[in-house]
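Engineer: First, the structure itself, so that you have it in front of you.
Please treat every number below as a calculation from the coordinates, not as lab data. This is a predicted model, so every value here is computed, not measured. Positions of Cβ are generated from backbone atoms using ideal geometry, with glycine treated the same way; all protein chains shown enter the neighbour counts.
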Amino acid sequence: MPAPKAKPTLNPIDGGEEVKPVSRLARMKANGIAPPLPWVELPEMVELLMEIGPTIATGMGAAPIGWDTISHWKANTGGLLTPWEARTLIGLSSAFLAMAEQAKDEKCPAPWIEAPAEHNRAAVAAQVDAVLESLAAAAVEG
């Protein structure tokens, strides 16, 4: 028995038409914002990963590449990799997939940005409150 399809999200404002989710990257590009990217120490390894494919499709969804994927890539392209490079590509694939899953949450920070500590959040919230209170007070006076 096939799994039931998920119900589409409907937008009541537009007469109940289906709303398709838009990624953060798509929203940034639509607003003319270039997404910030991290510095990469070995860009050639990232290029290789993207050439081989960062993940493979399986019956249960995406999975990291493995030795068989690398072996097929080498056989088809004549590419040469050291054992260190092959292990690194497998590790990068696992990290890519893990981050891709985490990034489905809209509040997920970029992987190269340290998540703010809870005490920093409280301090920032207090500063924002103070600024808003002073703006409100200035608006009442003026």
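Engineer: Would you mind getting me the FRET efficiency between Leu81 and Leu37? Use the beta-carbon distance for r and R0 = 25 Å, nearest 0.05.
Structural biologist: Approximately 0.50, to the nearest 0.05.
Engineer: Using only C-alpha atoms and all pairs of different ones, pull out the Kirkwood radius for the range 23-128 in Å with one decimal.
Structural biologist: 16.5 Å
Engineer: Taking the dipole about the Cα centre of the range 23-128, with the C-beta of Lys and Arg at +1 and of Asp and Glu at -1, give me whichever of Asn31, Trp67, Thr88 is farthest to the positive side.
Structural biologist: Asn31
Engineer: Taking 10 °C and 1.306 mPa s as the conditions, I'd like the Stokes-Einstein D for the range 65-123 in µm²/s, using the Kirkwood hydrodynamic radius from alpha carbon pairs.
Structural biologist: 112 µm²/s
Engineer: Is there a quick way to get the dipole size of the range 37-96? I mean about its Cα centre, with the Cβ of Lys and Arg at +1 and of Asp and Glu at -1; what is the value in debye to the nearest 20?
Structural biologist: 180 debye
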